[in-house]
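Please treat every number below as a calculation from the coordinates, not as lab data. All of these numbers come straight from a predicted model, not from anything done at the bench. We place every Cβ from the backbone using ideal geometry, glycine too, and count neighbours over all the protein chains shown.
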Amino acid sequence: MRHENTKTLFAYWDARRLGRSAPARGDIAPRDLAGLLSHLFILRRMDRDHHIFRLAGTSLCQMHAREFKDQNFLGLWRGHDRQHMTALIEGALSVPAPACALADAASLDGRSVEVEIALLPLRGPEGWVDRCLGLYQPLQGRSLDGRPAVRHILKELRPAVEPESSVQVFRGLRDVRVPARAANDG
């Protein structure tokens with residue numbers, strides 16, 4: 001996590017977990033994230049290939065010169081990058097744990113700006129981890145000079161990693177070897 005906003009969002013998400021693997025969507029209060037709202041989005045998993053924008057911040061929409069509500073997040077990616085982003089989101093939801101990506105958002109005339117994309121899993125009303133709270137954060141002061149971003153090129157992925165358990169039940173037990181047995185051994 002490079003940008004301060006990404007670190008802030010992660011700390012907020014982590015505090016809202018309350019010891020659970022992921023907070024519920026209802027645990028996220030937009031007023032608590034007022035300074036980040038324009039960069040935030042929420043995705044809902046419909047199936048592996050469809051992660052639909054439920055909400056998209058104004059900065060994200062302005063940078064692409066379009067609205068994203070009810071659009072597929074994976075539509076921002078092409079080829080192998082799309083496969084990698086699919087795996088990144090699916091991993092964040094299945095672990096569940098945060099994941100991040102760095103990408104270049106590029107305009108038609110070749111201008112680009114580096115963006116950090118954070119994906120933090122959420123539980124939906126049914127209790128399933130099927131949503132992501134996301135942050136789409138440009139990293140440099142550069143912009144696309146009013147030109148819309150039309151493609152993304154992945155530069156780096158940081159997949160979800162299962163957190164270590166705070167309970168160390170088996171710590172200190174030595175490795176015990178059990179001799180191999182055949183089916184007819186008594």
Inset, instruction - Quick one: plug the Kirkwood hydrodynamic radius of the chain (C-alpha pairs) into Stokes-Einstein at 37 °C, 0.692 mPa s, and report D in µm²/s. - result: 183 µm²/s
Legend entry - Using θ = phi - 60° and Karplus 6.51 cos²θ - 1.76 cosθ + 1.60, couplings along the range 51-68 (whole Hz; Gly, Pro as x): 10, 8, 5, 8, 9, 9, x, 5, 5, 4, 5, 5, 5, 10, 6, 6, 8, 10
Legend entry - Helix axis angle, 4-17 relative to the chain longest principal axis, alpha carbon, degrees: 50 degrees
Legend entry - the chain - mean residue ellipticity at 222 nm from DSSP helices (-39,500 (n - 2.57) per run, n ≥ 4, rounded to 500): -6000 deg cm²/dmol
Inset, instruction - Could you grab the relative contact order for the chain? Cα pairs under 8 Å, six or more apart, rounded to a whole percent. - result: 23 percent
Legend entry - Antiparallel bridge percentage (DSSP; both residues within the range 4-158; nearest 5): 95 percent
Legend entry - Peptides ranked, highest mean first, by Cβ atoms within 10 Å: ranges 32-43, 51-62, 10-21: 51-62, 32-43, 10-21
Legend entry - Assigned charges on the beta-carbon of Lys, Arg, Asp, Glu; the chain dipole about Cα centre (debye): 160 debye
Inset, instruction - Please list, in chain and number order, the residues 5+ apart from L122 or on another chain whose amide H is under 5 Å from its amide H, with Hs placed from the backbone. - result: D130, R131, C132, L133
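Sorting check: for 73-86, 92-105, 123-136, which peptide has the highest mean count of neighbouring beta carbons within 10 Å, and how do the rest follow? Could you put the intermediate results ahead of the total?
On the way: 73-86: 16.4, 92-105: 20.6, 123-136: 18.6.
In descending order of packing, they fall as 92-105, 123-136, 73-86.
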Legend entry - Using alpha-carbon coordinates, inclination of helix 79-94 to the longest axis of the chain, degrees: 50 degrees
